[in-house]
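Everything below concerns the one structure shown next.
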């Protein structure tokens with residue numbers, strides 16, 4: 001009987017090792033799935049942040065263009081006012 005128990009135990013050792021490896025594999029797959037989900041969440045968050053930053057950049061570029069136009073207009077007005085002042089100085093009253 002003891003011999004049968006030893007034989008039975010010897011026959012089950014490969015199955016026990018296989019069971020242990022399967023448990024480790026299941027744990028690893030579970031961990032990897034959780035990490036993948038966290039990475040997907042982080043990816044979605046970063047995409048939203050990129051979209052927001054692109055919108056801010058587009059707005060900043062628009063404001064920069066408007067500012068450049070206003071500076072050009074200011075220079076034109078400054079030149080015209082300077083020209084008018086020159087004409088006024090040339091008048092003798």
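The values are calculated or read from the model by the stated rules, or taken from the named source; none is laboratory data. Predicted, not measured: the structure shown is a model, and the values here were computed from it. For neighbour counting, all protein chains shown are included, and Cβ atoms are generated from backbone atoms with ideal geometry for every residue, glycine included.
Residue-wise test of (1) outside any helix (DSSP H, G or I); (2) modelled with pLDDT of 95 or more; (3) touching a strand residue (DSSP E or B) at 6+ places or on another chain (Cβ under 9 Å); (4) surrounded by 10 or more Cβ atoms within 10 Å (Cβ to Cβ).
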| residue | (1), (2), (3), (4) |
| --- | --- |
| 23 | no, yes, no, yes |
| 35 | no, yes, no, yes |
| 62 | no, yes, no, yes |
| 87 | no, no, no, no |
| 93 | yes, no, no, no |
Subject >> Every pair of residues 6+ apart whose Cβ atoms lie under 6 Å, when the first sits in region 15-44 and is touching a residue at least 24 places away in the same chain (Cβ under 8 Å) and on the phi < 0 side of the Ramachandran plot while the second is surrounded by 10 or more Cβ atoms within 10 Å (Cβ to Cβ) and part of a helix (DSSP H, G or I) >> reply: none
